[in-house]
Structures are given as C-alpha cells and as structure tokens.
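All of the numbers you see were taken from the coordinates with simple rules; none came from a lab. Quick caveat, the model's predicted, so the values are computed rather than measured. Every residue, glycine among them, receives a Cβ derived from its backbone with ideal geometry; neighbour counts consider all protein chains shown.
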Ligand SMILES: C[S@@+](CC[C@H](N)C(=O)[O-])C[C@H]1O[C@@H](n2cnc3c(N)ncnc32)[C@H](O)[C@@H]1O
C-alpha cells in the first residue's frame with residue numbers, strides 16, 4: 001500500500017518531516033515511527049498512515065482519509081459545522097475536509113484529541129488538544145465525524161445522540177472498555193463489542209433519527225470494518 005518509487009527522494013521527504021515535527025511526538029510514538037518507517041505493515045498504526053499520507057506515499061485511491069471524506073461528503077455534505085473527534089497526532093482527515101470546504105467557501109471543521117502534536121499550522125482546521133467527554137459542549141456542531149476512535153467510540157455515540165447531532169464513525173478494529181489486549185485479540189470479543197455499540201446507538205437514538213452500519217468502500221485498506229452512522233430522517 002505504501003507507494004514509494006524512489007527511496008532516496010522518500011528519505012529526503014521523511015527527514016524533512018522528522019526535522020520539522022519529530023520533536024513534538026511523544027517518545028512511544030517516535031519509537032513506532034522509527035520501527036515501522038516505510039513498512040507496508042502499517043494498517044493498524046494510525047501514526048504511520050498519517051505521515052505516509054502527508055508525505056504523499058499513499059495513492060489517493062488507497063488513502064483512507066480521502067475515501068472517508070468522500071463518503072461523508074456524499075452522505076451528509078461538507079457545508080456544515082463539523083467536529084472530528086480523535087483526529088490523531090496530525091488532523092489528516094480534517095485537513096482533507098478543510099481543503100474541500102475552502103474550495104466551496106462553506107462549512108467549518110474543528111478537531112479534538114490530546115494526541116495532537118500541534119494545534120496550529122493546519123489550514124483553517126481549529127485544533128483542540130483535549131479529549132471529548134460525555135459533558136463536552138458540542139452544541140455548535142451539526143455533524144460529528146470520527147475515524148478509528150478507539151476508547152472514544154462509546155463517548156462519541158453518547159455525546160452525538162444526547163445532543164441530537166448526526167454522527168458518522170469509521171469504527172476501529174479493536175475492543176475497548178478494559179478488554180483491549182492487542183496480544184490476545186479475540187474475534188468473539190469484537191463481535192460482542194460491536195453488538196454493544198449497536199445497542200447503545202439504537203437505545204439512545206434521538207427521535208427522528210435513523211441508525212445504520214454501511215460497509216466501508218472496498219478500496220480502503222480498512223474496508224472490513226463497518227461504519228456506524230446516524231442520520232436525521234428526511235421529511
Ligand atoms: C487509533 S488512533 C486514530 C487516530 C486518527 N483518527 C487516525 O485514523 O489516524 C485513536 C485516537 O483516539 C484518541 N482518543 C481516544 N479517546 C479520546 C477522547 N475521549 N477524545 C478525543 N480523542 C480520543 C487517541 O488519542 C488517538 O489519537
């Protein structure tokens with residue numbers, strides 16, 4: 001999936017990136033970045049995918065952020081005030097949303113994640129280095145989006161439904177709530193966790209909303225994992 005034709009040029013881009021941003025990453029992330037540099041085995045290492053996309057090492061047709069942005073655009077439109085939760089170290093999805101909003105001259109995008117390496121320098125993206133909680137004020141947004149949000153998954157569902165805001169989430173492939181052990185992944189746990197998410201989303205669903213779990217477009221490297229989404233019913 002990583003598309004590097006010329007290793008020497010790729011190294012130059014890589015070094016420039018690390019010189020500029022390396023100092024802002026926490027030690028654990030830096031260790032992974034060095035360990036997996038240019039490895040194709042990155043599918044579940046979001047920290048790598050973000051850098052590869054920023055450096056152009058992933059073709060547009062395989063870029064999960066672009067594919068998800070295009071899905072969001074098709075389903076909801078981007079001319080909205082959008083909150084992206086759990087954007088990662090670099091707000092890669094938000095940057096793509098911002099680019100498209102700027103082209104159209106409408107909509108806004110704000111992100112929150114305490115893993116953000118910087119809160120400025122991301123175009124018109126408003127970046128908040130903090131976590132979302134069930135008490136967070138999200139009243140100014142009309143859509144909540146998220147990609148592989150790990151431990152934030154249930155909070156996103158609760159916050160979106162409580163505040164009657166449409167939501168679209170590309171679920172991560174792990175199991176959370178104290179059962180997340182990357183060395184002992186059990187498919188049955190994942191299935192049970194998915195059922196819990198579905199029940200939570202359905203049980204708290206605001207009146208006039210519909211809940212669905214469409215499959216992710218098959219060109220995405222994460223296409224086996226479903227989308228969790230809510231929408232206002234059309235009159
Ligand atoms: C698997 S990473 C995904 C990052 C990014 N969306 C991507 O696809 O590259 C999960 C992210 O969720 C963030 N996260 C977990 N709980 C959160 C919360 N309550 N609020 C905001 N971010 C949270 C973590 O800090 C981490 O950056």
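With R₀ set to 22 Å, the beta-carbon distance separating residue 233 from residue 75 gives a calculated FRET efficiency near 0.95. Taking only the Cα atoms of the stretch 11-137, the ratio Rg/Rh comes out at 0.96, with Rh defined as the Kirkwood radius. Sorted ascending by nearby beta carbons within 10 Å, beginning with the fewest, 12, 144 become 12, 144. The convex hull drawn around the Cα atoms of the stretch 7-58, when projected onto a plane and averaged over every direction, covers 3.4 nm². Using the Cα gyration tensor of the stretch 155-214, with a ≥ b ≥ c the square roots of its eigenvalues, what is the shape: rounded (a/c below 1.5), prolate (a/b larger than b/c) or oblate (neither)? It is prolate, given that a/c is not under 1.5 and a/b is the larger ratio. Length gained on full extension, residue 189 to residue 163, computed as 0.36 nm times the residue gap minus the Cα-Cα distance: 6.4 nm. Of all DSSP beta bridges confined to the stretch 62-232, the antiparallel ones make up roughly 30%.
Let me make sure I get this right: for the stretch 62-232, a, b and c are the square roots of the gyration tensor eigenvalues over alpha carbons, sorted descending. Under 1.5 in a/c it's rounded, otherwise prolate if a/b > b/c, else oblate. Which is it? Judged from the Cα gyration tensor, the stretch 62-232 comes out rounded (a/c under 1.5).
Taking 0.36 nm per residue of sequence separation and removing the Cα-Cα distance, the residue 11/residue 133 pair yields an extension gain of 40.0 nm.
Here the stretch 187-203 and the stretch 70-115 have alpha carbon centers that stand 26 Å from each other. In the chain, helices alone account for a calculated mean residue ellipticity at 222 nm of -11500 deg cm²/dmol, with every DSSP H run of four or more residues adding -39,500 (n - 2.57).
Between residue 23 and residue 61, the distance separating the two model label sites (each 7 Å from Cα on the Cα→Cβ line) works out to 4.1 nm.
Note the angle between two axes, namely the Cα long axis of helix 153-162 and the longest principal axis of the Cα atoms of the chain, as a number of degrees from 0 to 90, rounded to the nearest 10. The answer is roughly 40 degrees.
Relative to the dominant Cα principal axis of the chain, helix 92-104 is inclined by about 70°. If the segment from residue 115 to residue 38 were pulled out straight at 0.36 nm per residue, it would be longer than the present Cα-Cα gap by 25.5 nm.
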